[in-house]
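Data block below; observations after.
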Amino acid sequence: MKKVAVILSGSGVYDGAEINEAVLTLLHLSKAGASYQCFAPNVEQHHVINHLTGEVSNESRNTLVEAARIARGEIKPLAELNAADFDALILPGGFGAAKNLCDFAVNGASAKLNNDVKVACSAFKDANKPAGYMCIAPVMVPMIYGKGVRVTVGNDAETAAAIEKLGGEHVDCAVDDIVVDENHRVVTTPAYMLAKSLAAAEKGISKLVERVLAMV
C-alpha cells in the first residue's frame, strides 16, 4: 500500500486549508487504495477570517488544531513528519497555504517558508519522492525545488509573475488539468484558483492524485 503524507494549513478557504480540496484529496487517495496521514504546523494562524462575512475576526486559532477538524482528529504536528515513512507528499490549497505555511500572502515574491514546511517538503525533494501541490500552494514549489521548476496556479497573471520572480516557470493550465515536472517529480493543478464548482475542482485533483501515485 502506497503511503502519502498530506500537509494541511488550517480549516477554511480564507485562512486555512480549502476544505473541499482537502477532502477530495483524501477521498481519491482512499479510492486508489493508498493510505494517508495528515500533518499541519503547530503554529498560530496568520489571522482568522469570519467565513460568513469575509471580515477579519479578533481572535487567534492554532493551525494544527483547526486542521484536525478536517482530519477528524487523525493528524500530527508537521515537525513529526519523516519523509522516509512515506512514498509521496500532497498539499491542498486554500489561503492558509499562503498565510500559515509560508508568508506569500504578505510578501509575494519575497516570501519565505515556515521552517517545518521547508524541512518536510525539502526532505521529499531530496529523497526524489513525488509531490503534488494544488490551488495557491504551488507558489511554495520554487522555494523548495529551486530555479526552473514548472508549476501552475491556472492563469492568474499576478501570481504567475511572482512565481517567476521566485525562480519557477509558470505554465497556464485549465481547471481540469495538471502540470507535471518530470525532472523534479512535482505535479500541480489550479483547483479553486479557477474552479467555479466542486465538480470542476474534482477533475484536476483526481488527476493530480492519480499522477502522484503513479510516480511512486
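The values are calculated or read from the model by the stated rules, or taken from the named source; none is laboratory data. Here the structure is a predicted model, which is why all the values come from computation and not from measurement. Quick reminder, even Gly has a Cβ in these numbers, built from the backbone with ideal geometry, and neighbours come from all protein chains shown. We work out accessible area using only protein heavy atoms, side chains counted, and drop any ligands, DNA or RNA first. Shrake-Rupley method; radii C 1.70, N 1.55, O 1.52, S 1.80 Å.
Condition check: in contact (Cβ under 8 Å) with a residue 24 or more places away in the chain, within 17 Å of residue 110 (Cα to Cα) and not small (Gly, Ala, Ser). Does residue 142 satisfy that? Steps first, please.
Working: in contact (Cβ under 8 Å) with a residue 24 or more places away in the chain: yes; within 17 Å of residue 110 (Cα to Cα): yes; not small (Gly, Ala, Ser): yes.
Against the criterion (in contact (Cβ under 8 Å) with a residue 24 or more places away in the chain, within 17 Å of residue 110 (Cα to Cα) and not small (Gly, Ala, Ser)), residue 142 qualifies.
Just checking, does the range 34-41 include any residue being closer than 27 Å to residue 215 by Cα and open to solvent by 60 Å² or more (accessible area, probe 1.4 Å)? First the steps, then the outcome.
The first filter runs over the range 34-41 and keeps only residues closer than 27 Å to residue 215 by Cα, leaving 34-41.
Within this subset, residues satisfying the condition of being open to solvent by 60 Å² or more (accessible area, probe 1.4 Å) are 36.
Yes, because at least one residue in the range 34-41 is closer than 27 Å to residue 215 by Cα and open to solvent by 60 Å² or more (accessible area, probe 1.4 Å).
With the structure loaded, tell me whether residue 60 is part of a loop (DSSP other than H, G, I, E, B), open to solvent by 50 Å² or more (accessible area, probe 1.4 Å) and polar (S, T, N, Q) or whether it fails that test.
Values: part of a loop (DSSP other than H, G, I, E, B): yes; open to solvent by 50 Å² or more (accessible area, probe 1.4 Å): yes; polar (S, T, N, Q): yes.
Criteria met by residue 60.
Do you know which residues across the range 33-69 are free of Cβ contacts under 8 Å to residues at least 24 places away in the same chain, of a type in the set (Val, Ile, Thr) and within 26 Å of residue 88 (Cα to Cα)?
Step one: list which residues in the range 33-69 are free of Cβ contacts under 8 Å to residues at least 24 places away in the same chain, which gives 44, 50, 52-53, 55-60, 62, 65.
Remaining after also requiring of a type in the set (Val, Ile, Thr): 53, 56, 65.
Within the range 33-69, just 65 meets the criteria.
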Modelled with pLDDT under 95, within 29 Å of residue 203 (Cα to Cα) and exposed (fewer than 15 other Cβ atoms within 10 Å of the Cβ): is that true of residue 54 in this structure? yes
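If we keep just the residues of the range 90-134 that are part of a loop (DSSP other than H, G, I, E, B) and in contact with a Pro (Cβ under 9 Å, 6 or more places away or on another chain), which is most open to solvent (accessible area, probe 1.4 Å)?
Residue satisfying both the conditions and the ranking: 114.
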Residue ID - surrounded by the most Cβ atoms within 10 Å (Cβ to Cβ), chosen from residues in the range 153-197 that are polar (S, T, N, Q) and more than 13 Å from residue 140 (Cβ to Cβ): 189
Which of (1) assigned to a loop (DSSP other than H, G, I, E, B); (2) of a type in the set (A, V, I, L, M, F, W, C); (3) farther than 24 Å from residue 206 by Cα does residue 13 not meet, given it meets every other one? (3)
(1) polar (S, T, N, Q); (2) part of a helix (DSSP H, G or I); (3) more than 22 Å from residue 8 (Cα to Cα): which one isn't true of residue 159, the others all being true? (3)
